[in-house]
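Below: one structure, written as structure tokens.
None of the figures in this text is laboratory data; all of them are computed from the coordinates on show. Computed from a predicted model, the values in this text were never measured in an experiment. Every residue, glycine as well, gets a Cβ built from its backbone with ideal geometry; the counts of neighbours run over all protein chains shown.
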Amino acid sequence: MRWGKLGLAQDLRVALRRGGLIHDIGKLAVPEHILLKPGPLTPEERKSWSTTTVIVREFAPAPILRNVLPIIRHHHEKQDGSGTRTG
């Protein structure tokens, strides 16, 4: 789908494209044994996983990412806004 068909402004289309590319960058801070674990996470592992979207705060000063940071930060949010989903 072409984003222009949605009627989004150019800056928001660029933000979506960039957000799609780097939305999981926080996974770099999660140990591989947690990322690749096939079963449910323990509470401690879940805590480590939950930091993946918080990592983006390190990028906050970059003006080029101004519209991208909310996409990265909230990409695991449930559609009804009631909290985050895992995975």
Query raised in the report: How much space per residue, in cubic angstrom, does the convex hull of the C-alpha atoms of segment 1-51 take up?
Result: 119
Query raised in the report: Modelled label-to-label distance, residue 28 and residue 14, 7 Å Cα→beta-carbon offset: nm?
Result: 2.2
Query - segment 66-71 - phi-based ³J(HN,Hα) in whole Hz, Karplus 6.51/-1.76/1.60, Gly and Pro as x - result: 3, 7, 7, 4, x, 5
Report summary line: Per DSSP, the loop-located trypsin sites (Lys or Arg not before Pro) within segment 16-73 having at most 14 other beta carbons within 10 Å are 66
Report task. Evaluate the Debye formula for segment 16-78 with equal point scatterers sitting on the alpha carbons, no solvent, and hand back log10 of I(q)/I(0) at q = 0.19 Å⁻¹, in q order, two decimals. Result -> -0.72
